[in-house]
Amino acid sequence: MAQAPSLQDSLLAWFSEHGRNLPWRREYQPYHVWLSEIMLQQTQMERVLAYFPRWLAAFPDLASLAQAEEQEVLRLWEGLGYYSRARNLHQTARILHRHHNSTLPADHAALLKLPGIGRYTAGAIMSLAFNLPCPIVDANVERLFARLFNLAEPVKAKSSQAFIWGKAEELIPPGKARLFNQSLMELGALVCQPRAPKCAACPLRLHCAALARGLVAQRPVAGKARETIAIRMVTGVLSHRGRIFIQKRLANDVWPNLWEFPGGVIEGDETPEEALRREYLEETGFAIHRPEKLLDLKHSYTRYRVTLHCYACRLAGSATRPRLAAAQEYRWVTPGELGHFAFPAPHRRLIDRLGAGLAQ
DNA sequence: AAATCGTGGTT
DNA sequence: TAACCAAGATT
């Protein structure tokens with residue numbers, strides 16, 4: 001009687017047929033693998049497919065990234081979120097340019113010391129770029145294993161994590177870490193999906209403990225979700241003699257080193273106009289007048305759900321030099337120059353919506 | 001070690 | 001539509 005195919009063989013066969021043809025899967029250049037893994041953190045594939053080639057056109061290799069200006073790096077990352085990823089890419093490129101001949105080390109411990117590279121990404125570079133037997137566990141693998149091994153504990157629990165990482169390491173077929181690790185994630189992304197897993201099409205259906213017990217829909221067990229917080233914010237586009245005031249945010253805050261229009265949270269029973277005047281005074285020392293309502297924008301970051309009230313406004317006095325309290329730098333720029341600076345997504349949307357109407 | 005960091009798409 | 005989700009790292 002013939003032996004049933006192993007889990008590994010079934011998975012690898014499935015991947016060779018159904019694996020997507022992604023830009024970083026052509027030659028598995030370490031720089032491409034590293035960049036794609038950083039971009040993919042907490043980010044949808046479709047968005048990365050848009051940003052990845054644009055980034056490579058600007059920074060074709062690690063050395064060119066090392067020599068770039070930070071603002072250029074942030075401008076290319078604008079809209080992807082989690083901006084520390086971009087600053088860490090840049091910083092790591094500079095470290096490797098100085099000390100490692102502009103190459104990524106094939107060394108797990110050395111990778112872990114680099115900014116922005118944690119356990120997952122170090123394993124991804126080791127296995128995908130160098131085909132070395134290091135495990136990787138991302139949200140796909142967590143979900144897949146929670147079902148495959150029918151884990152009743154929350155996947156984020158310490159015991160579950162230890163089990164999953166252990167299995168991920170133990171299952172790697174000798175010499176096939178690159179294909180195996182990708183096939184695990186790919187199966188999670190394409191078949192073992194969060195809401196509607198396609199169990200009938202799964203190459204591992206005969207190995208799946210949750211499927212055998214009818215518990216697929218109840219795996220993985222999630223932890224408790226944190227509450228979301230609704231807040232109202234205000235921002236104002238201050239224009240003066242055809243120029244617009246922008247300021248560069250502090251390095252240790254939300255949106256570090258990105259540029260913005262001043263503004264902030266609407267407190268208590270303030271009206272948006274009152275909050276705008278107060279924020280401008282606090283952040284820049286400017287007294288503003290004639291705030292004119294433009295539009296409301298909805299956006300959200302981490303646990304906050306924000307309604308952003310957007311205004312146009314003018315200087316009440318004649319002084320154009322601010323006293324910065326919430327920023328490290330400022331500029332008076334023409335509307336055309338706004339494209340050279342990296343803005344948070346809602347501020348960029350505001351710029352786009354205003355279009356030709358800016359600074360009139 | 002729980003909280004924080006962004007964003008846009010889906011349900 | 002509010003909640004959930006996406007190839008995590010850092011402090």
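For the reader, a short list of remarks on this structure follows.
- Sequence-separation-based contact order of segment A:229-357, relative, with Cα cut under 8 Å and 6+ spacing, percent: 34 percent
- Distance from the C-alpha centroid of segment A:262-289 to that of segment A:24-65: 40 Å, rounded to the whole angstrom.
- Here chain A carries DSSP beta bridges of which approximately 70% are antiparallel, counting only pairs with both residues inside.
- Along its principal axes, segment A:229-357 has C-alpha extents of 38, 32, 30 angstrom, given from the largest down.
- The residues of chain A expose, per residue, 50 Å² of accessible area to a 1.4 Å probe.
- Base-10 log of normalised Debye intensity for chain A (one unit scatterer per alpha-carbon) at q = 0.07, 0.09, 0.12 Å⁻¹: -0.41, -0.64, -0.97
- Compared with the dominant principal axis of the Cα atoms in chain A, helix A:345-354 is inclined by about 50°.
- Rounded to the nearest 10 degrees, the inclination of helix A:158-170 to the longest alpha-carbon principal axis of chain A is 60 degrees.
- Per residue, the convex hull spanned by the alpha carbons of segment A:136-225 comes to 92 Å³.
- Rg/Rg_globular for segment A:29-130, with Rg_globular taken as 2.2 N^0.38 Å and Rg from C-alpha atoms: 0.97
- Per-residue ellipticity at 222 nm, computed for chain A from helices alone with -39500 (n - 2.57) per DSSP H run of at least four residues, works out to -11500 deg cm²/dmol.
The values are calculated or read from the model by the stated rules, or taken from the named source; none is laboratory data. What you see is a predicted model, and the numbers here were worked out from it, not measured in a lab. Please note that ligands, DNA and RNA were not included when accessible areas were found on the heavy atoms of the full protein model with its side chains. Shrake-Rupley method; radii C 1.70, N 1.55, O 1.52, S 1.80 Å.
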